[in-house]
Amino acid sequence: MSAPSSNTPSTIRMNPPVFYFAASFILLFGLAVISNPQVAGEWLLAAQNWAANTVGWYYMLAMTLYLVFVVVTALSGYGKIKLGADHDEPEFSYLSWAGMLFAAGISITLFFFCVSEPLTHLLQPPQGEAGTAEAGRQAMQLLFLHWGLHGWGVFAFVGMALAYFAYRHNLPLALRSALYPLIGKRINGPIGYAVDGFGIIATVFGLGADMGFGVLHLNSGLDYLFGIPHTQWVQVILISLMMGAAVVVAIAGVDKGVRVMSDINMVLACALLLFVLFAGPTQHLFNTLIQNLGDYLGALPRKSFDVYAYNEPSDWLGGWTVFYWAWWIAWAPFVGLFIARISRGRTIREFVFGVLLIPLGFTLAWMSIFGNSAILQVLNGATALGQSALENPSMSLYLLLETYPWSKVVIAVTVFISFVFFVTSADSGTVVLSTLSARDGSPDEDGPNWLRVFWGAMTALVTSGLLFAGSIDSLKSAVVLTSLPFSVILLAMMWGLHKAFYLESQRQIAQMHSLAPFANSRRGRGGWRHRLSQAVHFPSRDEVYRFMDDVVRPAIAEVTDVFAEKGLNVITQEDPSHDNVSLKIGHGEEQPFIYQVQMRGYFTPSFALAGLGTQELKNRRYYRAEVHLSEGSQDYDLVGYSKEQIINDILDQYERHLQFLHMVR
């Protein structure tokens with residue numbers, strides 16, 4: 001997965017409070033773990049057991065709330081709201097957008113867990129008899145739960161919050177912006193910066209866990225192919241090499257090359273999936289895929305709240321479901337920012353269901369085909385494969401592929417795919433971390449290069465330290481602990497987003513109230529003939545420029561003077577390109593009133609171009625002076641209005657704004 005990036009950052013720079021808070025915590029943690037890995041590993045494991053026994057129920061409840069919130073929002077009237085101004089159109093076609101969401105669903109961890117996890121659940125189930133067909137069915141149900149709707153629900157929630165406040169309300173593309181409805185301008189103070197800092201900390205440890213599982217998987221592949229030993233120091237070297245490659249890619253901005261490799265990788269991953277499907281027990285795999293899907297959907301409400309309260313006490317819940325929920329939460333800023341950046345102009349409804357369903361289809365198909373292939377072999381007597389899942393899970397996939405034709409070639413391709421996924425995920429991760437720790441840029445700008453280098457080094461440090469402290473158990477423990485405070489922040493973000501949606505609905509109701517009559521004729525005083533002439537006239541750029549100078553600006557200036565005389569906080573803003581002018585009236589902590597007139601060009605309708613040549617027809621454009629409020633274009637044109645009529649229109653919109661402020665008190 002590679003996030004869209006901008007290679008020409010201009011104003012964006014490091015955000016000191018966020019950076020120093022997050023960097024200090026991560027650096028101290030990493031050094032403490034590396035300096036005394038054995039003690040750190042014991043402490044992390046004890047802390048995870050405490051978290052699982054104490055707040056396991058909370059993680060289960062929180063993840064279900066995130067999912068329910070996004071689904072209910074999408075199905076409600078709020079689902080029609082755009083992630084952007086009302087006039088924004090999606091930057092990418094549905095096919096391109098779906099392809100990028102599809103790419104977001106693939107990670108190197110799919111290779112690590114697709115065989116090892118279902119076999120572990122088969123041989124060490126949370127309840128019931130181990131090693132039976134029923135245990136295998138339960139194993140796939142648990143696998144689907146851990147990789148299913150809950151995880152993509154939290155991604156959709158964070159992506160929706162980031163995109164909504166950045167693109168619709170012009171707030172920073174930062175986690176703290178979702179708290180604006182709750183704390184207002186204080187998002188740019190200690191509270192807001194702490195929110196972003198905790199988001200970075202969770203992301204670094206979530207990314208570190210991904211890198212840790214990935215390097216274990218790669219080390220096993222290299223061991224299988226070339227006999228490279230499976231040791232911690234080899235893994236540290238691999239982490240350093242691949243994170244270094246990712247940072248070089250992030251700095252060089254070779255997006256085109258990386259995206260080409262990613263596209264090739266996607267094709268190879270799909271080819272590997274189809275190979276396992278058709279070279280293995282195809283009919284059985286199709287049957288189990290449908291069975292697994294039905295079992296998952298049927299048990300989803302029950303399993304969402306299943307904390308095994310009536311079972312014998314064990315660490316299963318903390319080691320699996322609680323870990324997964326914490327891991328999804330930790331990855332939410334990373335993936336949420338990626339999907340927010342590619343989704344401007346989408347409605348909330350299409351965004352939510354696109355994010356929930358498009359990546360999910362491939363993920364569940366991958367898990368079902370590989371998982372059921374492995375379960376069938378173990379049930380038929382492949383004890384070595386099952387033992388590997390328990391003792392050396394990173395080798396499990398390769399042992400499964402060993403039983404297929406052309407195994408050496410297939411395993412070599414798998415290692416290559418894993419390597420590219422590792423680099424592209426790490427590349428995207430460093431870019432996102434640099435963006436989360438920066439400020440003053442536009443939503444489409446990425447953080448400075450030096451921040452990418454720094455966060456790449458920090459992620460490598462954390463990953464290496466956790467591998468030394470106890471490998472897989474330490475990775476899981478660190479994710480569970482660092483995600484806990486951020487999960488609470490997500491609940492506050494949910495409250496803020498709900499409040500923002502409520503305010504938006506009240507604004508729409510207020511827009512339906514006309515507190516002052518409109519001018520009898522908005523199109524001049526020349527009678528119906530003049531009005532018809534105006535309707536079929538498509539003015540040029542120069543005509544609209546003159547109209548803006550001669551009519552719009554004097555009208556706004558006159559209103560500004562009167563508002564200022566009344567003691568209101570009035571700001572008139574003019575764009576350097578001279579194609580728009582805006583009036584902003586502040587109301588203290590209340591939402592400000594914004595009235596902007598912006599010149600926009602469109603292709604002239606063919607019926608208005610009679611007599612022009614083909615090339616002239618193709619290039620001819622006309623222009624409108626459109627009214628924009630804080631939520632975007634109002635889709636009407638002022639050209640032809642008199643100064644008095646424009647003043648009346650400003651007052652009409654201002655009175656509607658006052659009605660809105662009255663309704664939300």
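Rounded to the nearest 20 debye, the dipole magnitude of the chain is 1140 debye, with +1 charges on Lys and Arg beta carbons, -1 on Asp and Glu beta carbons, and the Cα centre as origin. In segment 288-356, with Lys and Arg counted as +1 and Asp and Glu as -1 at Cβ, which of these residues, 348, 336, 300, has the Cα nearest the positive end of the dipole, that is, farthest along it? Of the candidates, 348 comes out farthest on the positive side. Dividing the mean sequence gap of close Cα pairs (under 8 Å, 6+ apart) by how many residues the chain holds gives a relative contact order of 26 percent. Quick one: angle between helix 190-226 and the longest Cα principal axis of the chain, in degrees between 0 and 90, rounded to 10, please. The answer is roughly 40 degrees. Listed by chain and number, the lysines whose C-alpha is less than 18 Å from the C-alpha of residue 584, apart from same-chain residues fewer than 8 away, are 185, 566.
Normalised by residue count, the chain yields a Cα convex hull volume of 180 Å³ per residue. Relative contact order of segment 368-494, taken over Cα pairs closer than 8 Å and 6 or more residues apart, is 11 percent. Calculated accessible area for segment 53-204 comes out at 32 Å² per residue, all protein chains present (probe 1.4 Å; ligands, DNA, RNA ignored).
Positive end of the dipole of the chain (Cβ unit charges, origin at the Cα centre): among 274, 596, 239, the Cα lying farthest that way belongs to 596. Show which lysines lie in cross-link reach of residue 303 when reach means a straight Cα distance below 25 angstrom and same-chain residues fewer than eight apart are skipped. Cross-link targets: 476. Between residue 98 and residue 636, the modelled label-to-label distance comes to 3.9 nm, taking each label 7 Å out from Cα in the direction of the beta carbon.
Just the protein heavy atoms count here, and of the accessible area of the chain at 1.4 Å, carbon and sulfur take up 62 percent.
The values are calculated or read from the model by the stated rules, or taken from the named source; none is laboratory data. Bear in mind that the values here come from a model prediction, so they are computed numbers and not experimental data. Positions of Cβ are generated from backbone atoms using ideal geometry, with glycine treated the same way; all protein chains shown enter the neighbour counts. These accessible areas exclude ligands, DNA and RNA; they are computed on the full protein's heavy atoms, side chains included. Shrake-Rupley method; radii C 1.70, N 1.55, O 1.52, S 1.80 Å.
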